[in-house]
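Below is one structure, written out as structure tokens; comments come after it.
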Amino acid sequence: GGACSGNTMSFLNAEEPTVCDLIADFGIKVLWHPSLGLELGNNLQTLLWDCISGKISLDILVFEGSVVNAPNGTGEWNRFADR
């Protein structure tokens, strides 16, 4: 989104439970995160399109930050994969 990653940094600093505890103990699978994910470019686009098409099951989507509308609501400041 249109903000810093302060929420992510706070989450990563959690102590009880830690992020590692949440992932390991509760079986959370993080598909991708802009600060933590390894996929870039075409690989990331493929991952996201697989989620949209239903090829990859997605239970929770977290959008961090503000939604930027840009001039006249065009959204032209937030673009990914030519969209």
Quiz item: Here are some residues: S66, S35, S5, S57. Which one is hydroxyl-bearing (S, T, Y) and modelled with pLDDT of 85 or more?
Solution: S57
Self-check item: Filter result for C20 (part of a helix (DSSP H, G or I), at pLDDT 90 or above and out of contact with any Cys (no Cβ under 8 Å at 6 or more places or on another chain))
Solution: no
Quiz item: Restricting the search to segment 58-77, which residues are part of a helix (DSSP H, G or I) and either in contact with a Lys or Arg (Cβ under 9 Å, 6 or more places away or on another chain) or open to solvent by less than 100 Å² (accessible area, probe 1.4 Å) (or both)?
Solution: P71, G73
Exercise. Considering each residue of segment 37-53, count those that are surrounded by fewer than 11 Cβ atoms within 10 Å (Cβ to Cβ) and assigned to a loop (DSSP other than H, G, I, E, B), and give that number.
Key: 2
Self-check item: Failed item in (1) modelled with pLDDT under 90; (2) open to solvent by 50 Å² or more (accessible area, probe 1.4 Å); (3) more than 28 Å from A70 (Cα to Cα), with N13 passing the rest
Solution: (1)
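The values are calculated or read from the model by the stated rules, or taken from the named source; none is laboratory data. Small disclaimer: the values here were computed from a predicted structure and weren't measured. As a convention, Cβ positions derive from the backbone with ideal geometry for all residues, glycine included, and neighbour counts pool all protein chains shown. Remember, those area values only see protein heavy atoms, side chains included, never the ligands or the DNA or RNA. Shrake-Rupley method; radii C 1.70, N 1.55, O 1.52, S 1.80 Å.
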